[in-house]
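Reviewing the structure listed below.
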Amino acid sequence: MSTNVNAYIKLTPASTQQTITIDEVKNLLLYYKEITTKTGEQVDWNYSDFAFPYQIKETPEGNNRWFYLSSNNERYNIIMIGIDQESIKEADTNRIQTYIQVTLPEVSTFGDKAKANEFCKFLSKKLKGELHLFNKRIIYHYPRK
């Protein structure tokens, strides 16, 4: 990858929740790891190492706003995940919208990008969010009128 690229899971008024903490995001990823491990057990294959080849790492600079996924596997390296908010103007009002940002730094591999896309889709479906993919396409996982 030549430069940092980002994907966003935006929590809309139609999402299952309008705010999220960094611990909630970590717990959703741990849940993803747990369910993929169970899938592997059912088919008698060590799928968890392939489905989630990362360790969750935190730094003091993250300040409960971001963490990263680090891998020792040669096909993967790093994915950064953080939360933030933005102001959205709607009609006559402004509302604060929380989003999850998934960043692939320059040192990320194509394997990281594939995994980040999987994780983004999983998180967005669970939260019924609005997913802005790395390629700028948008997937709406919330009910639209």
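The values are calculated or read from the model by the stated rules, or taken from the named source; none is laboratory data. Computed from a predicted model, the values in this text were never measured in an experiment. Counting neighbours? That spans all protein chains shown, and the Cβs are built from the backbone with ideal geometry, glycine included. Please note that ligands, DNA and RNA were not included when accessible areas were found on the heavy atoms of the full protein model with its side chains. Shrake-Rupley method; radii C 1.70, N 1.55, O 1.52, S 1.80 Å.
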Q: Could you rank 122, 110, 67 by how accessible they are, 1.4 Å probe, largest area first?
A: 110, 122, 67
Q) Based solely on its DSSP helices, what 222 nm [θ] is calculated for the chain when runs of n ≥ 4 H residues each add -39,500 (n - 2.57) and the sum is averaged over all residues, nearest 500 deg cm²/dmol? A) -9500 deg cm²/dmol
(Q) Computed from the coordinates I sent, Rg and Dmax of the Cα atoms in Å equals one of (i) 22.1, 68; (ii) 14.0, 43; (iii) 15.7, 56. Tell me the label. (A) (iii)
Q.
Please list, by residue number, every one of the GluC sites (Glu not before Pro) in segment 23-103 that is coil in DSSP and has at most 15 other beta-carbon atoms within 10 Å.
A. 58, 74
Q) If each of residue 56 and residue 31 carries a label point 7 Å out from its Cα toward its Cβ, how far apart are those two points in nm? A) 1.2
Q: Provide the solvent-accessible area of residue 43, counting protein heavy atoms only and rolling a 1.4 Å probe, rounded to the nearest 10 Å².
A: 100
Q | Whole-percent carbon and sulfur share, accessible surface of the chain, 1.4 Å | A | 48
Q) With every protein chain left in place, what is the accessible area of residue 54 in Å² (1.4 Å probe, nearest 10)? A) 10
Q.
Just to confirm the number: angle between the C-alpha axis of helix 22-42 and the first principal axis of the chain, 0 to 90 degrees, nearest 10?
A. 40
Q: Highest first, please rank the peptides 12-19, 111-118 by the mean number of other Cβ atoms sitting within 10 Å of their residues.
A: 111-118, 12-19
Q: Name the most mobile residue of 59, 93, 37, meaning the one with the largest mean-square fluctuation, in a Gaussian network model of the chain with Cα contacts below 10 Å.
A: 93
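Within the set 38/128; 33/89; 115/145, which residue pairs have Cα atoms separated by over 26 Å?
33/89; 115/145
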Q. Can you give the angle from 0 to 90° between the axis of helix 110-127 and the longest principal axis of the chain, with both taken from C-alpha atoms, to the nearest 10?
A. 50
Q) Under a 1.4 angstrom probe, counting protein chains only, how are 136, 145, 128 ranked by accessible area, largest first? A) 145, 136, 128
**Q.** For the chain: accessible area per residue (Å², 1.4 Å)
**A.** 59
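Rounded, prolate or oblate: which one fits segment 88-145, using the alpha carbon gyration tensor with axes a ≥ b ≥ c (rounded when a/c is under 1.5, else prolate when a/b beats b/c, else oblate)? Could you put the intermediate results ahead of the total?
On the way: a/c = 2.79, a/b = 1.84, b/c = 1.52.
Prolate.
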Q. Put +1 on the Cβ of each Lys and Arg and -1 on the Cβ of each Asp and Glu in the chain; which of 93, 127, 21 then has its Cα farthest toward the positive end of the dipole?
A. 93
